[in-house]
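What follows is one structure encoded as structure tokens, with my remarks underneath.
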Amino acid sequence: MANTNHEIISKEGIDFLTKRSSIFQDILNKYGTPPAWEREPGFETLIKIILEQQVSLESAKAHFIALQENIGEINPSNVLHATEDQLTNSHLSRQKKIYIKALANEILNKGLDLETLNNLEEDEIRSKLINIKGIGNWTVNVYLMMCLKREDIFPIGDIALKNTMKELAGLQTEEEMLKLAEEWRPYRTLATFFMWHNYLSKKRKTLPK
């Protein structure tokens with residue numbers, strides 16, 4: 001059974017990373033400790049993360065609010081039975097409509113139990129979520145990091161992470177980034193939070209809850 005008692009932002013993790021690389025010490029000196037980006041596990045948060053795929057955080061938030069206004073509570077039944085007009089009026093793309101209904105259908109048909117995910121190992125969680133149309137590695141990684149507080153996740157597909165590593169470490173390829181990130185085990189989630197903290201602080205933005 002997985003150990004679920006860890007906190008991502010820890011003195012041990014910060015000490016480990018700042019000793020491994022001056023990049024983290026520089027971010028710490030400039031912007032302080034990264035926020036503890038946590039989100040409530042469950043269906044509503046997973047819908048939010050799906051809506052955040054490949055769009056700005058501001059757009060995703062606006063779409064989620066519109067969806068709430070059009071269908072009411074964000075639960076599997078309401079999402080699955082939402083009409084085409086309700087989803088279109090929520091500004092969802094054709095793909096996002098398919099994705100959120102696929103997730104709702106999987107839960108209602110007992111193919112996925114979100115409440116038990118935290119009892120599973122990372123590979124098992126990935127297998128269950130990736131099996132659902134519209135959920136890829138990025139979505140799974142964000143859920144693992146923010147909702148299930150897994151400590152050693154490195155979401156290489158994240159644009160903000162890659163852009164920050166290009167800027168701060170002078171790396172260009174994913175292969176180079178993955179190789180460097182190996183040095184940050186077993187605190188790669190915290191390392192990612194540092195990178196996001198730098199990226200968002202420069203833009204004076206925050207991640208949504």
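Sequence-distant contacts, meaning Cα pairs under 8 Å at least 6 residues apart, place the relative contact order of the range 56-209 at 17 percent. When +1 charges are put on Lys and Arg Cβ atoms and -1 charges on Asp and Glu Cβ atoms, the dipole computed for the range 136-204 relative to its Cα centre reaches about 360 debye. Among Arg185, Arg204, Arg39, sorting on how many other beta-carbon atoms sit within 10 Å of each Cβ, with the fewest leading, yields Arg204, Arg185, Arg39.
Pull out a ≥ b ≥ c, the square roots of the eigenvalues of the alpha-carbon gyration tensor of the range 43-147, then state rounded if a/c is under 1.5, prolate if not and a/b is larger than b/c, and oblate in the remaining case. Because a/c hits 1.5 or more and a/b exceeds b/c, the range 43-147 counts as prolate.
Per-residue Cβ neighbour counts within 10 Å put Lys19, Lys133 in the sequence Lys19, Lys133, beginning with the fewest. The lysines within cross-link reach of Lys19, meaning a Cα-to-Cα straight distance under 22 Å and a gap of 8 or more places when in the same chain, are Lys11, Lys30, Lys162, Lys166, Lys179.
Placing dummy labels 7 Å off each Cα toward the beta-carbon, the span from Ile65 to Lys11 is 4.0 nm.
The phi-based Karplus calculation (6.51 cos²θ - 1.76 cosθ + 1.60; θ = phi - 60°) puts the 3J(HN,Hα) values of the range 63-78 at 5, 5, 4, 4, 5, 4, 5, 8, 10, x, 4, 7, 10, x, 5, 5 Hz, whole numbers, x for Gly and Pro. Projecting the Cα atoms of Thr116, Thr192, Met145 onto the dipole axis of the chain, where Lys and Arg carry +1 and Asp and Glu carry -1 at the beta carbon, places Thr192 farthest toward the positive end.
This model, with +1 at the C-beta of Lys and Arg and -1 at the C-beta of Asp and Glu, gives the chain a dipole about its Cα centre of some 580 debye.
Just how far, in whole angstrom, is the range 10-35 from the range 188-204 if you go by their alpha carbon centroids? After rounding, the separation between the Cα centres reads 11 Å.
Note on Lys110: lysines with a C-alpha under 26 Å away, same-chain residues under 8 apart excluded, are Lys48, Lys96, Lys97, Lys101, Lys128, Lys133, Lys149. The Cα atoms of the chain define a convex hull whose projected area, averaged across directions, is 11.6 nm².
Each value in this text was obtained by applying a stated rule to the coordinates, not by laboratory testing. On a predicted model such as this, the values are computed, not experimentally measured, just so you know. Glycine also receives a Cβ, built like all others from the backbone with ideal geometry; neighbour counts cover every protein chain displayed.
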